[in-house]
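See below for the structure under consideration.
The values are calculated or read from the model by the stated rules, or taken from the named source; none is laboratory data. Note that the structure is predicted; figures quoted are calculated from it, not measured. Cβ sites come from the backbone with ideal geometry, for glycine too, and all protein chains shown count toward neighbours. Note: areas computed on protein heavy atoms with side chains; ligands, DNA, RNA excluded. Shrake-Rupley method; radii C 1.70, N 1.55, O 1.52, S 1.80 Å.
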Amino acid sequence: MANNSYNPLTPQEKYIIEFKGTERPFSGEYDAFYEDGTYICRKCNAALYSSEDKFNAHCGWPAFDQAIPNAVNHLPDPDGFRIEIECANCGGHLGHVFFGEGFTPTGARHCVNSLSMRFVPAEEGQ
């Protein structure tokens with residue numbers, strides 16, 4: 001039975017979030033976006049990432065060095081090489097996380113599809 005409390009998704013959002021698709025690199029609205037606020041799940045509105053943890057990894061997708069505690073699950077990707085990240089609340093696909101690259105002190109790079117998130121400016125609160 002469908003959960004009617006989820007936000008309606010466009011076909012492209014549904015492809016990314018529910019069918020584990022990927023945006024083309026450098027095409028997402030949040031790739032080169034750096035304002036203060038919170039990134040929430042586009043499907044269920046759960047808080048996922050703080051703008052304080054966003055950095056420019058030059059990878060083509062929004063990158064964060066950590067998620068809000070308990071907001072993101074890590075799963076083995078079917079390709080056997082990567083680690084998928086999903087919203088802990090609704091299971092929506094976010095992207096992948098990579099470790100040990102040295103971009104930040106945490107050693108993590110969460111590459112997230114812009115279509116998986118919505119930005120809430122700090123002044124609007126969350």
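Residue by residue through segment 23-37, note down the ones that are aromatic (Phe, Trp, Tyr) and under 20 Å from GLU123 (Cα atoms). Those that are aromatic (Phe, Trp, Tyr) and under 20 Å from GLU123 (Cα atoms): TYR30, PHE33, TYR34.
Within segment 63-84, the set of residues being at pLDDT 95 or above and open to solvent by 20 Å² or more (accessible area, probe 1.4 Å) comprises ASP65, GLN66, ALA67, ILE68, PRO69, ASN70, VAL72, ASN73, HIS74, LEU75, ILE83.
On the given criteria, is ARG118 open to solvent by 20 Å² or more (accessible area, probe 1.4 Å), under 23 Å from SER5 (Cα atoms) and in contact with a Phe, Trp or Tyr (Cβ under 8 Å, 6 or more places away or on another chain)? Working first, answer last.
Details: open to solvent by 20 Å² or more (accessible area, probe 1.4 Å): yes; under 23 Å from SER5 (Cα atoms): yes; in contact with a Phe, Trp or Tyr (Cβ under 8 Å, 6 or more places away or on another chain): yes.
Taking the combined requirement at face value, the residue satisfies it.
Residues are listed down the side, and each one gets a yes or a no for (1) within 21 Å of TYR6 (Cα to Cα); (2) touching a helix residue (DSSP H, G or I) at 6+ places or on another chain (Cβ under 9 Å):
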residue: GLU52; (1), (2): no, no
residue: HIS58; (1), (2): no, no
residue: ILE68; (1), (2): yes, yes
residue: ALA71; (1), (2): yes, no
residue: CYS90; (1), (2): yes, yes
residue: THR106; (1), (2): no, yes
residue: ARG109; (1), (2): no, no
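If you go through segment 85-109 and keep only what is open to solvent by 10 Å² or more (accessible area, probe 1.4 Å) and within 26 Å of PRO8 (Cβ to Cβ), you end up with GLU86, ALA88, ASN89, CYS90, GLY91, HIS96. Once segment 1-31 is narrowed to residues that are in a helix (DSSP H, G or I) and among the aromatic types (Phe, Trp, Tyr), the residue that is most open to solvent (accessible area, probe 1.4 Å) is PHE19. Of the residues that make up segment 51-70, is at least one among the hydroxyl-bearing types (Ser, Thr, Tyr), more than 22 Å from GLN12 (Cβ to Cβ) and not in a helix (DSSP H, G or I)? So far as segment 51-70 goes, no, none of its residues is among the hydroxyl-bearing types (Ser, Thr, Tyr), more than 22 Å from GLN12 (Cβ to Cβ) and not in a helix (DSSP H, G or I). Residues that are modelled with pLDDT of 95 or more, open to solvent by less than 80 Å² (accessible area, probe 1.4 Å) and assigned to a loop (DSSP other than H, G, I, E, B) do occur in segment 32-40, at least one of them. Do we find that GLU18 is closer than 19 Å to PRO121 by Cα and either small (Gly, Ala, Ser) or in contact (Cβ under 8 Å) with a residue 60 or more places away in the chain (or both) in this structure? Criteria not met by GLU18.
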